[in-house]
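The values are calculated or read from the model by the stated rules, or taken from the named source; none is laboratory data. From a predicted model like this one, the values you see are computed outputs, not experimental measurements. Please note: Cβ atoms are built from the backbone with ideal geometry, for glycine as well, and neighbour counts cover all protein chains shown. What goes into the accessible areas is simple: the full protein's heavy atoms, side chains included, and nothing from ligands, DNA or RNA. Shrake-Rupley method; radii C 1.70, N 1.55, O 1.52, S 1.80 Å.
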Amino acid sequence: MTNPAMERLRKNLDAILVKAKKNNDQVLKGRKLPEGVQGPELPSSSNVRGKKEGLAHAREGHSGRRGDILEDFHNKTGMYKDRADDALPPVMLKVSIAGSGCEVWMSHADKDGVKDDVELMKLDAPSLDGWFSDKAPAAYANDKGDVTFSGPQTLGGTSDTGKNSINNLVDTVPPIIIKSIPKGYETGENVILLMKAHSRGAVAASMIAKRIKAKLPKMKVELTQFDPVPGQANYGEKSEIAIGDHTVPEHEVMLDPDGIDTRTIPEEDVSVEHALDETALVYSLASGYGYLLRSFQPQIVHGAKRIIISRQNHGGGLVKGYLLGDKKYKGSQLNSLPPGAYYEKEIKKDGDHNVGVIERMSKDDFMEKLDLTYKKAVSKLSDWGRYDIVKGALEEFFTRNP
């Protein structure tokens, strides 16, 4: 039986594809490239932003990371610099996974956490993935075909069980994403997957992204994680994972200062076979849930290209994003930041939410910046282990990126 939600997603993607092909054909027809330009010169429009002399800038009405990618594609810079002019245009799939207890991504909800019924449509969950019908996770889509999967909902999100548990999301989301790829793009080539996720959803997203990249290595997979936290009794990849070109040998991890509940991380749990293409990781130094002690330690993530240490709480940066200079980076657009490590030097109020002001840190000053951010953390509750995990991530980052 045809699934209405999947059909709607495919139609949305097909419409985007047809528009992109039409634009590409119109641009290439009977036109020559101006000297010094590596890609097609596009006509100006009301949607064109960020003009630079000698380069074409068309965002096709899209803001954020999607707009940055389209602009990069049309300029033939960055990851598109070697593409032929008649190559298929990129197709972007955007997937969000909310944190525990959240039905939708935080910026898609009002102050009470209620989803915006005008913007979002609940997907036909019972038959969403076709063959895990009894386990299909709760999900919503907007009119662009972007999908948000709910976080764990059992006991208000305190229990990592049910249809939106980490395990079930990892089992069911990859086939859903793969099935939504339009005809002609089945190998993953010219497809870009933008994933952003929070808390337990961010833990699930790291595992999902790796599985999709392994299945379709030609697909460009981007991942933005906001404070990934697996919760107590979640080990293996849920507690430690490599998302970049990185391998960690087998080693032991201590779960508390007394040496109780030690566990061994085998190499295959954290080795990465196919590195994700673009990655951004936000660690909150003061989660606001410090009273839960070690059960709220973040996932240890290896190989991220961008790390932001924030003194906001567990949901910091989700709604308003971060400011670097005079430019705001929000959600998946954190992957438009130059690769590097950043600290949150200031918090500004923006309506009901905070926006963090960030600056890059160097190898020489990262300990000073880490301590400064930690001391200014808004939470006064104990977050045992968070400081050490973030410090380890930064030490590793600067060892690999001197």
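Rounded to the nearest whole Hz, the Karplus-based 3J(HN,Hα) values (6.51 cos²θ - 1.76 cosθ + 1.60, θ = phi - 60°) of the range 146-156 follow the sequence 6, 10, 10, 8, 5, x, x, 10, 4, 6, x, with x at glycine and proline.
Less than 5 angstrom separates the built amide H of MET361 from those of ALA341, TYR342, TYR343, all sequence-distant by 5 or more or on a different chain.
The fraction of accessible area contributed by carbon and sulfur in the range 134-251 is 51 percent, rounded to a whole number (1.4 Å probe; ligands and nucleic acids excluded).
Between LYS391 and THR77, full extension at 0.36 nm per residue minus the direct alpha carbon distance yields a gain of 109.6 nm.
Which of LYS144/LYS348; LYS196/LYS375; LYS183/LYS305; LYS349/LYS375; LYS76/LYS330 have a Cα-Cα distance over 22 Å?
Numbers: LYS144/LYS348 31 Å; LYS196/LYS375 28 Å; LYS183/LYS305 32 Å; LYS349/LYS375 19 Å; LYS76/LYS330 24 Å.
From the list (LYS144/LYS348; LYS196/LYS375; LYS183/LYS305; LYS349/LYS375; LYS76/LYS330), the Cα-Cα distance tops 22 Å for LYS144/LYS348; LYS196/LYS375; LYS183/LYS305; LYS76/LYS330.
Computed on the Cα trace of the range 303-402, the radius of gyration divided by the Kirkwood hydrodynamic radius gives Rg/Rh = 0.94.
A P(r) calculated from all alpha carbon pairs of the range 192-249, with 5 Å bins opening at zero, reads 4, 19, 29, 25, 17, 6, 1, 0 percent. Estimated from the Cβ-Cβ distance and a Förster radius of 25 angstrom, the FRET efficiency linking LYS375 and ASP350 is about 0.60. Each residue of the range 190-203 was assigned a 3J(HN,Hα) from its phi angle through the Karplus curve 6.51 cos²θ - 1.76 cosθ + 1.60 (θ = phi - 60°); the sequence is 6, 10, 10, 9, 9, 10, 10, 7, 9, 6, 4, x, 6, 5 Hz, with glycine and proline shown as x.
Figure note: GLU103, GLU252, GLU273 ranked by solvent-accessible area, largest first, 1.4 Å probe, ligands and nucleic acids not counted: GLU273, GLU252, GLU103.
Beta carbons within 10 angstrom, averaged per residue: use that to sort the peptides 225-236, 150-161, highest first. Intermediate results must be reported in sequence, preceding the final value.
Values: 225-236: 21.4, 150-161: 18.8.
The densest-packed peptide leads the list: 225-236, 150-161.
Proximity of backbone amide H atoms, modeled 1.01 Å from N, is registered between SER100 and ARG200, GLY201 at under 5 Å, excluding neighbours fewer than 5 places apart on the same chain. The heavy atoms of SER336 present about 30 square angstrom of accessible area, all protein chains included, probe 1.4 Å. 3J(HN,Hα) along the range 234-247, derived from phi through the Karplus expression 6.51 cos²θ - 1.76 cosθ + 1.60 where θ = phi - 60°, amounts to 10, 10, x, 4, 5, 9, 7, 8, 10, 10, x, 6, 7, 10 Hz, with x in place of Gly and Pro. Modelled label positions at ALA214 and THR158, each set 7 Å beyond Cα in the direction of Cβ, lie 3.4 nm from each other.
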